[in-house]
Amino acid sequence: MAVRCGADQVTACEAFRPMIDVAKKCMKSNGMQDRIKLIEKRSTEIQIGVDMEERANVLVTEVFDTELIGEGAIATFTHALENLLTPDCYVIPDNARLYVQCVDSKECFNWNWLDLTEFGIRVPDDYKNLGGDSILDVQLTQFNEFKPLSPPLLAFKYRYIYYLLSPSTSVLLS
């Protein structure tokens, strides 16, 4: 899309081999293999003067996941801002919202446990699934059934704002 929109130079980076292969096939099938430079490493490993000739003024990223910042988004953005981007850069996407919702689900209930036997406390089987430390990345569509107990609630807003204060000072507010 960047090439078709008139970008002078497009550099892509990817470290995961299956995605590298897909990217190469997509670039070739769209006749873009000579217009897009694919760097086969993480963006945090890229160096100006080695991998890229100059800093970029647009960052298009997909480091967000279902937890919004779980794929190392903060470290990735920080590295890009400090090392790969111009002070007047645009970042896409530049905002996001994370919602949470309480649900009643037998599947969720069964992920958790309460084991107090090490303390000599016996808990009836019906009450063993009251909590736990399991963390799972799950999409709502993966549940067989659930009952909403609350409306979706806004838990977190991310807004990328980058201000240039002087030629040598910049601030990232999010």
* Return the FRET efficiency for the residue pair CYS5, GLU118: r is the Cβ-Cβ distance, R0 is 41 Å, and the value is rounded to the nearest 0.05. => 0.10
* Could you compute the FRET efficiency for GLU82 and LEU140, with r as their C-beta to C-beta distance and R0 at 35 Å, rounded to 0.05? => 0.45
* Structure fact -> Once both label points are put 7 Å beyond Cα along the C-beta direction, the GLU107-ASP65 separation in nm becomes 1.9 nm
* Asked: Using alpha carbon coordinates only, what is the Rg to Rh ratio of the stretch 15-113, with Rh defined as the Kirkwood radius?
  -> 1.10
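None of the figures in this text is laboratory data; all of them are computed from the coordinates on show. Keep in mind that this is a model prediction, so the values were computed, not measured. Glycine gets a Cβ as well: all are built from the backbone with ideal geometry, and neighbour counts include every protein chain shown.
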